[in-house]
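Take a look at the structure below.
The values are calculated or read from the model by the stated rules, or taken from the named source; none is laboratory data. Only a predicted model underlies this, so the values are computations on that prediction, with no experimental measurement involved. Quick reminder, even Gly has a Cβ in these numbers, built from the backbone with ideal geometry, and neighbours come from all protein chains shown.
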Amino acid sequence: MESNAQASSVAWSWRDRAARADAARGREAASNRTKGLIGGAVGLAVAALLYLVFHKPTAAGVVAAIAVVIALTALASPLGAYKTLSRWLDRFAHAVGSAVTWVLMTVLFYVVFLPAGLFLRRKLAITKSADRRLPTYWIATEERERARTPESYRKQF
């Protein structure tokens, strides 16, 4: 059994690494092309919806133009321009999501939680400090008093 491999290929397989790197770049390019085409198709569907249902031709034209530019960029330069565009759009989406989260959470706090807290504070008579005149805050019930046996302390649950 003869081998055409050189002795150095046992310790250093640079050709295999280069082939794996090329294959990985090819898969990434194909993935970016697919994402770009799907984004373009979704954009064109939104443009059609804007035009046919909402009767907004200007907005539909802008959305369709953006969708076509993104799809063509993904087809022409999937590892260059499309990757950069995708990175910038991801950053923009993250910033918009963070801003919307802060605004919605602030509104939610003042519209839902603050009134509920004020209502429950009044209804439950929650105080901010302990009443020194009371010997304890424990409320004894007859049911607990009857159930209090040495066995109930051993098996609490």
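Taking the condition of being within 18 Å of Thr34 (Cβ to Cβ), without any contact (Cβ under 8 Å) to a residue 40 or more places away in the chain and in a helix (DSSP H, G or I), how many residues in the stretch 52-83 meet it?
9
Considering every residue within the stretch 98-114, establish whether at least one is of a type in the set (Ser, Thr, Tyr) and not in a helix (DSSP H, G or I).
Checking the stretch 98-114: not a single residue is of a type in the set (Ser, Thr, Tyr) and not in a helix (DSSP H, G or I).
Based on this model, can you work out whether Leu134 counts as within 21 Å of Glu28 (Cβ to Cβ), in a loop (DSSP other than H, G, I, E, B) and either in contact with a Gly (Cβ under 6 Å, 6 or more places away or on another chain) or not acidic (Asp, Glu) (or both)?
No; evaluated as a whole, the condition is false for this residue.
Across the stretch 36-51, what is the total count of residues that are under 24 Å from Lys83 (Cβ atoms), crowded, with 16+ Cβ neighbours inside 10 Å and either free of Cβ contacts under 8 Å to residues at least 12 places away in the same chain or not hydrophobic (A, V, I, L, M, F, W, C) (or both)?
The qualifying residues number 4.
Which members of the stretch 28-43 meet the condition of being touching a Phe, Trp or Tyr at 6+ places or on another chain (Cβ under 9 Å) and either under 14 Å from Val69 (Cβ atoms) or of a type in the set (Asp, Glu) (or both)?
The one that is touching a Phe, Trp or Tyr at 6+ places or on another chain (Cβ under 9 Å) and either under 14 Å from Val69 (Cβ atoms) or of a type in the set (Asp, Glu) (or both): Gly36.
Which one is modelled with the highest pLDDT, of the residues in the stretch 5-51 that are among the aromatic types (Phe, Trp, Tyr) and in a helix (DSSP H, G or I)?
Top of the filtered list is Tyr51.
Listed here are the residues, each with its yes/no results for (1) modelled with pLDDT of 85 or more; (2) within 30 Å of Ala29 (Cβ to Cβ); (3) out of contact with any helix residue (DSSP H, G or I) (no Cβ under 8 Å at 6 or more places or on another chain).
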{"position": "Gly97", "(1), (2), (3)": "yes, yes, yes"}
{"position": "Trp102", "(1), (2), (3)": "yes, no, yes"}
{"position": "Val107", "(1), (2), (3)": "yes, no, yes"}
{"position": "Tyr110", "(1), (2), (3)": "yes, no, yes"}
{"position": "Glu145", "(1), (2), (3)": "no, no, yes"}
